[in-house]
Each structure stands twice: as C-alpha cells, then as structure tokens.
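Remarks on the structure that follows.
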Amino acid sequence: MTDATQFGAEAPKPKTSILELDKRTRKRNAAETRFRYYGMAAVAVGVIFLVVLLGTIVRNGIPAFTQTYITLNVELPAAKLDKKGNRDPAEIAKVTTFGYNGIISDALVTALKDNGVQSDMKDADLRKMLSSSAAAQIRDAVLADPSIIGTTQSFRLLASSRVDGYLKGRVTRESLARDKNLDAAHLDIVDQLQKAGVVSRSFNWSFIFGADASESRPEQAGIGVSMLGSLFMMLVVLCLSLPIGVAASIYLEEFAPKNRFTDLIEVNISNLAAVPSIVFGILGLAVFIQFVHLPQSAPLVGGLVLTLMTLPTIIISTRAALKAVPPSIRDAALGVGASKMQAVFHHVLPLAMPGILTGTIIGLAQALGETAPLLLIGMIGYIASTPPDGIISGFLSPNSAMPAQIYEWAKRADPAYYERAWGGIIILLIFLMTMNIIAIILRRRFERRW
Amino acid sequence: MPASWIFLIVVVLAAIGYVLARGRALASAQGDSRHLHSLPSYYGMNAALLTAIPALILLGLWLIAQPVFVEKRAEAFIPADAYESAGQLSLMMSDVHRIAAGLDAAVAQGVLTEAAVTRLSAADDVRGQLGKVGVALGSDVDAAELEAARSFRSLSHTGDLIRDGLVVLLALAGFGWALKQTNKDFRARNAVEKVIKGLLVLAASLAILTTVGIVLSLLFNTVEFFKLYPAKDFFFGLTWSPSFGGGSELGILPLLWGTLYISLIALLVAVPLGLFAAIYLSEYASPAIRGIAKPLIEVLAGIPTIVYGLFALVTIGPLLMKAFGEQGGLGWMAGGTAVMTAGLAMGIMLIPFVSSLSDDIINAVPQSLRDGSLGLGATKSETIKQVVLPAALPGIVGAVLLAASRAIGETMIVVMGAGAAAKLSLNPFDAMTTVTAKIVSQLTGDADFASPEALVAFSLGMSLFVITLALNIFALWIVRKYREQYE
Amino acid sequence: MYDQPALEKKLDNDTIKIAASGVQVYYGEAHAIKDVNVQIQDKTVTAFIGPSGCGKSTFLRTLNRMNDTIDICRVEGKILLDGEDIYDPRVDPVQLRAKVGMVFQKPNPFPKSIYDNVAYGPRIHGLAKNKADLDEIVEKALRRGAIWNEVKDRLHAPGTGLSGGQQQRLCIARAVATEPEVLLMDEPCSALDPIATSQVEELIDELRTNYSVVIVTHSMQQAARVSQKTAFFHLGNLVEFGDTSQIFTNPKDPRTESYITGRIG
C-alpha cells in the first residue's frame, strides 16, 4: 500500500509563474483557437448552404407568380365564325381553334397599327408572340356566349413563354439567336407594345390554381390540380396513419407484454423507419397496383404508400408522447377502479394528444414532400390537366401530386418549365413551413412539464 | 350488389344491435343501471362489434381473394399455345377484363340480354356491339377470350352473390349471439376491451405486415427475374445496357459503383461539416448562437429531396461545369449531371442528419470525463479530440453508417443530378447512375412488367433493401451498445 | 475518532500556498459563496466540511478555475497561488490547472488504457522527452497512486475495467502524473466502499509529503482522519477555519458545534 513512500519528498521543481504563458501553452492555445474556428466555419457553411438554397429557390421561383398578358381588341366576324348566321352552338363548334388564328392575327395587326408600331412581319409569325392557347381561349368565350359574334371584344391573352421570359429577363436577344420560335424583331415589337400598355405583367393566379398544360405551353401550366392530388393523398394518410399509428403505439407502450412477438414488432418499426422510400414505391406498385388492381396514378394508392412510409415516424413520436405521461396519472385512474383500457383512453391519451398531433403533422409534412415512391405508382408522365369532379374521383381518378408535378416540370425540355418548377417548390415549401410552424406552436402551447 | 352496399348494411345492423343490446341490458336490470355489471353503452358496443367485425373481416378477405381466384379460373380458358410469355398472357387477360366489363355495360344498358350473352360467339361482331356501349377494344375478339370473359363474368357474379349472402349471414349471427348474451350479469366491458385490445394488436402488427409485403413483393419478382436472366450475370456483370428489344446486359456492378461513389462524396461533404458543426454547437456555442444555428441547420433536413435534386440539376451542375468543364479550361466534365453534382447536393442534405445524430451522441458523453480532462489542464479542443471523440467514436461510426444508408437509398437527387449512363469510371466528374435511379427508369414508362428489363428493378430493389437493412441494423446495434456503455 | 485527528506527521511547512480573500461566487442571481477568506498551507491536508449545498465544492472548484466551464458562474475577490492572482486576466486556466490538479467525486477514468489514462496529462503538457521518460513518469505516478502493484501487469487494459476504488486511485495517479503543486479532491471517497475508502485515505495522507492537498468531504470522521486543517462551510459562508483538532474538540462557533454534534446537516 505504500508505494509512494519510496519516492519520498521530491526535489522542488523550478518555479514558474502562472502569469506568464510559456511557449507550449501559447502553441496549445493557438491550436485551440484553430479548432474553434473549424467548428464555426462548419456551422457557417451549413447556414450559408441554407441561405444559398433558399435564395436560389426564391430568385428562380418568384417569376412564376407573375405572367405576361397581351390585351387585344378582337373582332369576331360572323362571316368566319358563324357562316349560316343562325347562332346555332353546334354549328359554331365546328369552327376549330385553327379557324380562330386568322382573327387573332388581324387583331394583332390592328393593335400594332393603333399603337404606331412598324413591322413587316408575316401574320403567322406575329402570332408567335401569343400562347398557342389564345385561340382556344377566344373560342371558349364565343361558345359560351354566341351573341358576341359580330362584335369586337377585348381579350387578355397569354403571351408566349418566350415573350414572358423576355419581360422577366430570362430570355435575351442573344439567347434568341438559336431559337426558332421567336426572334429579336418580335422583342422590338414587344418593347413598343409594352410602352403602349398592350403587353403587361400581372399576378399569376392561374399558376396557383390552374391545371398543368402540355409540354409546348409552359405559360399555361399551373399547380392547382396536383395540389388537389396532394390534398387527397394527405387525407388518406391522415385518416389511416393517425388511428393506426395511435392504436399501435398504445398497444406497444401500454399493453404489450415483453415477448418475442412484441420484440419483432419493435425491430420491424425501427427498421421500416430507415427503409429507402423508393422501396415503399416498389411495394405500392407490386401490392396495390399489380396485385389488388387499384388504378394507377390514383391519389388513393399514393396515400396508401405514403401511409405505410409515415407510420413508423408517427408511431415513434406517439410512443414518446405516451411515455411522457407520468405513471401517477395511470395509477390514479386505476386507483378509483377504472380498467386499464379506461385509464388509457380517458386519461393518458388526452394528455398525450398534443404530442401525438405534433408528431403526426411532422410525419404528414414528410409525406407531402416525398417524391420517389410516387414515381413508381405512375404519378409522372401524366398531365394533370383536369381537376377531379367529385370526392370519389378525387381519390380514384389519375392525378399528380405537388412534388411529382415539380419533377415532371423539371424534366421537360423547355427551360421555361424550370421557372414553374421553382415556383412549385415555393408553394410546396410554404405548405411545409406552415405545417411545421403549426407543430411548433402546438408543442409550445400544450407542452407540459411533469 | 356492390361491396359498398354490403358494407353499409353491416354498419346499419351494427347500429341497430347497439341500440337493442343497450335496451335489453337495461331492461334486464329493471332500468336501474347500477345493477348492471358494466355501463349500458358497453353492452351496446359489444353487440355492434360482434355484428360488424367478423362480417367486415370476411368481406375484406373475400374482396382480396375472389379476383385472384376468378383470374386463375378464367386464365384456364386461354390455350397455352396462344401466348409465348407471361407478358403476353397478362395483355390477353386485360383484354378479357375489358370484354367482361363491356358485356356488363351492354347488359346494363339493355343492348344485350343475359341470354344473348350466353349465345354470343366469336363470329358475332362482339367488338362492334361493345363499341356501341362505349367500350372500345383494340382488336377483334377470339373464341378463347370470349369464353374466358364469359366465365370471368359468371364466376364474378356468383362469387359476389355468395359473398353478399355470407357476409350478411355472419353479421346477423353475430347480432343474434350478442343479443342472446346480453343480460345484467354479462361482463360486457371485459368483452369489449378484449376486442379493442385485439384491434390494437392488429394495428401494431401492420409493421410486420408491411415488412412481409416488402419482402414478398421484392422476392417474387426477383425470382421471376432470375428465371429469365441468370443471377450470376446480374450480380457479377460489368455492363448495364438494357434494351427492350432483347439482348440486354443487366449487371448490377456499375450501378453499385455509381451508388457507392456518390454516397462517398456525399459523406465526404456531410461528415466533416456535420461533425464539426455538432462539436461547435454542443461544446463551444453560447446558448443564443446554439438556439439560432441549430434550428437553421435542421431546416436543411426538412427540405424535400426533390428540391435538392432541382438544385443539383439547375445550380450545382452548371456551376461545376464552369469550374471543371470545357469553359473552365480543365475539360474534366462533359455535362452538368455527374457524380460530383449529385454527391454535393446529397452531402448538403445529409449535414443536418449527421450533425443532429452526432450532437446527441456527444451530449451522451458524461460531463465527468470532460471535467477530468479539463482538471488535468487540458484545453477544450484537447479534451474534445482526445477524450470526448474517442469516447463517442462508436456512436459517431453508427451515425455515419446511418447517413451512408440514407445516401445509398436516396432517389430524387441522383435521378436528377447524377446522369443516366451506367459507367465504371473513377472520374468524379463523369455522369454515372445508381441503383435507385435505375429502379425508377426501369419501372416508369410503358414497360411490360413481365420482361426482364422491368423485373430487374425488383432485383435492384431487393439488393438495395438488403444493403440498407444490413447497414441500419449494424449501425443501430453499434449506437445501442454505445448508449448502454454510459447508462 | 473526532478528538484524535491525524497529527502523527508534523506539519513541516508553514508556507501559505493559496490565499483567498473576499471571494464571492454567483450562479446567475444566486449568491453561492459569500466573502470567504482562507489560507491553505503547503504540504498540508486541508478539509472542507459542511452540509450539502453549503458551497464547499463550489469553492474548491474556484481554486483551479473549473467554474470557468459553467457559463453563468461569476467569481469576485482575490485568490493568490504563491502570491499570484489566479483570476488575473493574464492567467491561462490551462496552465493554472496543470499546477492545481483535481480529483473528482465519481471516479472518471477515460475510456482508454490504464497507461494512456496516466500518460494523458504528461503528454498534453509535454512533460516527457521520450517514450522511456514517459514510461517512468507513468510508473512513478501509479506508485504514488498506490495502485502500481495491482495494475503493473495490465497497463494496456482499459481503465474503466478496474474496480471503483482502483479507478479512483487511478484518477489520483492521473492527477499526480502532471506534477501539480496543489491537489484538489472533491469528495473522492463518496462513491467508494469502506475498504477502498481507507485505501484512498491512506494515500491522501502520503500525498501530503509532496503536495498541498485540499479535500472536500461529507464525512466528519474522514476530515478528522486525514486533515490537519479544517474549514467549516455553512450556507455559503466560511464559518470557522482552524486546526482540525481544535475544530472537532473545541469549536468556537455555535454552528460548527451544531454540525459536528449532528444537529444540523
């Protein structure tokens, strides 16, 4: 026990002052500072990435929320639109959109003349400033009210995506050099028409509420219909994952005996939480579409797949919420003669509810942004052009979803679609942010410390 | 009767059962609920549950089983020499479904009578007649298909009838039994609670069911694939060139290489940044800075992967092209999509994942170890490097493995940022592709699901599932071991 | 036991090692140490006793600036080590702690080998010129920690595998290896069984030949057994400070008397 004694008293060490830093300490302190800077740099880089990412999204996406329109006074000659003059809708409908092109060209020429714009461009080329949807827009108006035939009406027509891009600075004269759709001469006209107020930009409601359009008409594409698709999917996810998740958590947390079976469930849940989302897509394809023959691209299938994917997240957070309710509450209920089931459903569950809801909202937010599994169940390559006409068709008829729509746009060849994709991301992120803020508020408001 | 009607009938029966049983229980106690064993509503619940649950379970099972059974029987009518592959058979069967649906529509609209349907032969213009009711067929109907469709129809009808009868009977049986049970001494609460507990167990078992579903759907199709394409070539093939015309080479190795290469770059970005950020935030930062920076970094985790994909495609790719492509004078990079592009985007995505996991793990190192080191005159960084990190190492390794499994399973970023060509190259600026990206490309589009080119996606999925599962189990095991050490 | 303090070894040095005057410590708003003046002698064991929460551990931690690691902690007053103020802005706490070592309540060996545990301090302070030198330092420290015989055959086994008492002696050896001038011990035996406690107490008594030892303890018997000087803390005040024998046999302050007779605690 007395190893120490053999050393006896030490010869005193040379005295050093703590007020002077020795060389070694200085070196060590420099290393300390360096290390600290590495850490700061890492945090800064992370924050900078976030700022750059959000900046890119906002910078590229904001233009999608405005749209260029060309306001034209269009003469609707009866001679072309209703040759027999009997205003019979069936007869009028026989004039295809192609038949309206001439009318539009005439209106453009008039607009140029009225505003003193000189141009030697052919009529057909002039029309390229307008979206190819313009003819359909006029035709729809005529069919809706045949009495306007023979009059001159003012229409606000979509400009083509190139003209739109020019006003937003995306398209320049140089970039048009290799473009077969539009050339610099068009832009000169646009400049003058803009001064005259014929060409103008305004807020693009139809991007938020409208439907997707075909590949050649990015100016017309909107995210509204796929937003509905996402909404129906989220309804499915909410209605299935909340009750199932809560039921599973209650069993595991309150009733499950410790045995092989519950161990198996636990292992499965923690592993499912880490299975790549694409694998859930394969599951959905094989089980729901190939085996059960549910319709492809239907929000119901998407919802089912996302439910399976979100369940582990919801179960994990619900269990945490149940665990946070102190055992004394259960004991109190059992003590007055409630059954275990009554104690859980009457006392524990209501107390755990804010935590459960927070977890559910966060799970839903994850599901809302998930793309990969939707690709496999057919939610891309599909043009979500018509809104569902009822609740049932909302669940069962093919639709897209917001992230799938964004991916679809990003894939299309026309660079004008990038703008739409970024714009779609802004809307998606607004939804996600709102959901997360609600979750945070719920947590702050109802969080209880026992 | 459609299944939804049967469902409604059962629900209504259950509701009636609730009211009757509740009344009966009260009556048996002369209207004084204090003499009952349980609250009156439990007697009602018991009747409702007994009526609805067995009937609905039967209905559900029937809805799943009948189509499979009918399909098999109808398939038997198609002669074996009429098709060459399973794909062709499934095309013919979808014709059969359309014909059957058309016949249904024809009868419903009065174009054909039931008798006329049985008399119908291939020689009649079936296609034309069905066209009239709005069911367009791609080709004329041959005898075998017509026969199959007829049998499909009649089997489905009979099946539906039997189903309706059985379900309603079962509901009624439960209804009757529950009413008979009901009297004041019956332990209704215990019975109801038992059923509810059963439902809870069922909900919890869904996790097992999902895993089983994943494994089965992957396994069956993988087995199909290996019947058409040798497993050896799949696992050891060095070329990936699918062609739907036949003669595809479907080796997984180039895809695995792309996957691992991209994941490696992602980890090279995410691990140092995430780890240093976690160290700074947990050991150095003041509470104010921590309160701002930590949630900000975690926002990165909440951004959907599609956003990172688009960011890679539109921003990172062109930026890298400027630096390393033709314009930059280096000429290492041929196009915006490359291993580097996807890897960087994925790295950014993983930073918060690594940092929050490491943060937890670093915080789990007991303060007493830090005190011990500081008390000996170590600086903070010496303490972190020589005491905290070595102590946290197993946990950090686990976190990195979890991040790796994330990276390997990530889909959208690689679909958009990595390129489409499968290549075995060392140049990080080359376009390469990954397992997940190929699963997407082989299963989207109009591929025939029975061809090896589509089925290979399931084998790829299986490989992906096994790899990520193994990594996860290993990582969780390490993390758990580590946690136990300090408990 | 109270009335027979360990005074067999003559106090052979009367130099003042640490002189604290007017020390105030605040945790945020809470005033944890109130105007403490104390002088700690070299080559002496000084015991801090007092009921829980009386500030004795807090005061101990101010002596090597371990409180710096707690953000909300603020120290006022003067603490001189060999006449130099340790709270002088020029002082680097790292260099200070090399001179004023510390042993903690719970044995906290690093998750490294026994050898690396002891070599940790000498390595970071650059005390060894080469491997042989380091080996010698480690052996010497382990001998001083009275644990050499038990671990010399397994120097490369993990330190966490030792028993509680061995772990604490390893931690003492680890602290000794950096050649400190003062050794602070914060309830070093509270997590140990009686046998391990007596081993550590014996060790403390031996360490006195080289160092000034300050020990915080909960147990009055322990203070009586190992210390020559005793300070009694109560509610953040230093109530009484003097020779251990005097404190235990003839306390001047009624609060001290109450405490040692078991009326407050």
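Within the bounds of the range C:179-186, is there any residue that is in a helix (DSSP H, G or I) and of a type in the set (A, V, I, L, M)? Reasoning before the result, please.
Going through the range C:179-186, the residues in a helix (DSSP H, G or I) turn out to be none.
The answer is no; no qualifying residue exists.
Go through the range B:272-338 and tell me which helices (runs of 4 or more DSSP H), entirely inside it, have 1 or more residues that are in contact (Cβ under 8 Å) with a residue 40 or more places away in the chain, under 27 Å from residue A:424 (Cα atoms) and at the interface with another protein chain (Cβ under 7 Å from one of its Cβ atoms).
B:287-302, B:305-311
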- line: Residues in the range A:153-195 that are open to solvent by 50 Å² or more (accessible area, probe 1.4 Å) and aliphatic (A, V, I, L, M) total 1
query: Restricting the range C:178-196 to residues that are farther than 14 Å from residue C:226 by Cβ and of a type in the set (Asp, Glu), which is surrounded by the fewest Cβ atoms within 10 Å (Cβ to Cβ)?
result: C:193
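Step by step: first the residues of the range B:169-191, then only those that are of a type in the set (A, V, I, L, M) and modelled with pLDDT of 90 or more, then the one that is surrounded by the most Cβ atoms within 10 Å (Cβ to Cβ). Which residue is that? Lay out the reasoning, then the answer.
From the range B:169-191, those of a type in the set (A, V, I, L, M) are B:169-173, B:178-179, B:188, B:191; that's our starting set.
With the extra rule that they be modelled with pLDDT of 90 or more, the set shrinks to B:169-173.
Values: B:169: 12, B:170: 19, B:171: 27, B:172: 15, B:173: 14.
Going through the qualifying residues, I end up with B:171.
In the range A:290-305, which residues are open to solvent by 20 Å² or more (accessible area, probe 1.4 Å) and more than 15 Å from residue B:218 (Cβ to Cβ)? Spell out how you get there, then give the answer.
Let us first name the residues in the range A:290-305 that are open to solvent by 20 Å² or more (accessible area, probe 1.4 Å), namely A:290-296, A:300, A:304.
If the condition is that a residue be open to solvent by 20 Å² or more (accessible area, probe 1.4 Å) and more than 15 Å from residue B:218 (Cβ to Cβ), then A:292, A:293, A:294, A:295, A:296, A:300, A:304 are the ones that fit.
I'd like to know if the range C:67-77 contains one or more residues that are without any contact (Cβ under 8 Å) to a residue 24 or more places away in the chain and surrounded by fewer than 22 Cβ atoms within 10 Å (Cβ to Cβ). Please lay out each step first, then the result.
In the first step, residues of the range C:67-77 are kept if they are without any contact (Cβ under 8 Å) to a residue 24 or more places away in the chain; the result is C:69, C:71.
This time we only want the ones that are surrounded by fewer than 22 Cβ atoms within 10 Å (Cβ to Cβ), so: C:69, C:71.
For the range C:67-77, residues without any contact (Cβ under 8 Å) to a residue 24 or more places away in the chain and surrounded by fewer than 22 Cβ atoms within 10 Å (Cβ to Cβ): present.
Which residues, taken from the range B:358-372, are in contact (Cβ under 8 Å) with a residue 60 or more places away in the chain and more than 10 Å from every other protein chain (Cβ to nearest Cβ)?
B:358, B:359, B:361, B:362, B:363, B:364, listed by residue number.
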statement: Among the residues of the range B:412-431, the number that are among the hydroxyl-bearing types (Ser, Thr, Tyr) and touching a strand residue (DSSP E or B) at 6+ places or on another chain (Cβ under 8 Å) is 0
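Rundown of residues vs (1) assigned to a loop (DSSP other than H, G, I, E, B); (2) under 30 Å from residue B:52 (Cα atoms); (3) at pLDDT 80 or above, yes/no style:
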residue	(1), (2), (3)
B:93	no, no, no
B:103	no, no, yes
B:112	yes, no, no
B:116	no, no, no
B:135	yes, no, no
B:149	no, no, yes
B:156	no, yes, yes
B:166	no, yes, yes
query: Would you call residue C:180 within 23 Å of residue A:16 (Cβ to Cβ) and of a type outside the set (S, T, N, Q)?
result: yes
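Within the range C:1-38, take every residue that is among the hydroxyl-bearing types (Ser, Thr, Tyr) and part of a loop (DSSP other than H, G, I, E, B) and give me the one that is modelled with the lowest pLDDT.
Our first condition is that a residue be among the hydroxyl-bearing types (Ser, Thr, Tyr); within the range C:1-38, this holds for C:2, C:15, C:21, C:26-27.
Next, from what is left, pick out any that are part of a loop (DSSP other than H, G, I, E, B): C:2, C:15.
On the way: C:2: 43, C:15: 84.
Ranking the qualifying residues of the range C:1-38, first place goes to C:2.
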message: If I filter the range B:42-52 for residues that are more than 30 Å from residue B:176 (Cβ to Cβ) and either assigned to a helix (DSSP H, G or I) or in contact with a Pro (Cβ under 6 Å, 6 or more places away or on another chain) (or both), do I get at least one hit?
response: no
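Select from the range B:108-121 the residues that are open to solvent by less than 40 Å² (accessible area, probe 1.4 Å) and either among the β-branched types (Val, Ile, Thr) or touching a residue at least 24 places away in the same chain (Cβ under 8 Å) (or both) and list them in ascending order. Spell out how you get there, then give the answer.
To start, the set of residues in the range B:108-121 that are open to solvent by less than 40 Å² (accessible area, probe 1.4 Å) comprises B:112, B:116-117, B:120.
Those that are open to solvent by less than 40 Å² (accessible area, probe 1.4 Å) and either among the β-branched types (Val, Ile, Thr) or touching a residue at least 24 places away in the same chain (Cβ under 8 Å) (or both): B:117, B:120.
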message: Name the single residue that is farthest from residue C:184 (Cα to Cα) among those in the range C:83-120 being of a type in the set (S, T, N, Q) and touching a helix residue (DSSP H, G or I) at 6+ places or on another chain (Cβ under 6 Å).
response: C:117
message: I'd like to know if the range B:468-476 contains one or more residues that are in a loop (DSSP other than H, G, I, E, B) and within 10 Å of another protein chain (Cβ to nearest Cβ).
response: no
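Restrict the check to the range A:282-293 and report whether at least one residue is part of a loop (DSSP other than H, G, I, E, B), within 16 Å of residue B:213 (Cα to Cα) and assigned by TED's automatic domain parsing to the domain that holds residue A:316. I'd like the intermediate steps shown before the answer.
Initial filter on the range A:282-293 (part of a loop (DSSP other than H, G, I, E, B)): A:292-293.
Retained after the next criterion (residues that are within 16 Å of residue B:213 (Cα to Cα)): A:292-293.
Filter once more, keeping what is assigned by TED's automatic domain parsing to the domain that holds residue A:316: A:292-293.
The answer is yes, given that some residue of the range A:282-293 is part of a loop (DSSP other than H, G, I, E, B), within 16 Å of residue B:213 (Cα to Cα) and assigned by TED's automatic domain parsing to the domain that holds residue A:316.
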- prompt: residue A:366 versus (1) open to solvent by less than 60 Å² (accessible area, probe 1.4 Å); (2) in contact (Cβ under 8 Å) with a residue 24 or more places away in the chain; (3) within 9 Å of chain B (Cβ to nearest Cβ): which is the lone unmet condition?
  reply: (1)
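Criterion first (charged (D, E, K, R), open to solvent by 10 Å² or more (accessible area, probe 1.4 Å) and not assigned by TED's automatic domain parsing to the domain that holds residue A:373) does residue A:253 satisfy it? Don't jump to the end; show me each part of the working.
Details: charged (D, E, K, R): yes; open to solvent by 10 Å² or more (accessible area, probe 1.4 Å): yes; not assigned by TED's automatic domain parsing to the domain that holds residue A:373: no.
No, not satisfied.
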field: Residue count for the range A:372-407, restricted to those that are open to solvent by 20 Å² or more (accessible area, probe 1.4 Å), outside any loop (DSSP other than H, G, I, E, B), in contact (Cβ under 8 Å) with a residue 40 or more places away in the chain and within 12 Å of chain B (Cβ to nearest Cβ)
entry: 0
task: Would you be able to tell me the number of residues in the range B:220-252 that are open to solvent by 30 Å² or more (accessible area, probe 1.4 Å), outside any helix (DSSP H, G or I) and hydrophobic (A, V, I, L, M, F, W, C)?
output: 2
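The values are calculated or read from the model by the stated rules, or taken from the named source; none is laboratory data. Just so it is clear, the model here is predicted, and its values are computed rather than measured. Reconstructed Cβ throughout: ideal geometry from the backbone, glycine too, with neighbour counts over all protein chains shown. Ligands, DNA and RNA are excluded from the accessible area calculation, which covers all protein heavy atoms including side chains. Shrake-Rupley method; radii C 1.70, N 1.55, O 1.52, S 1.80 Å.
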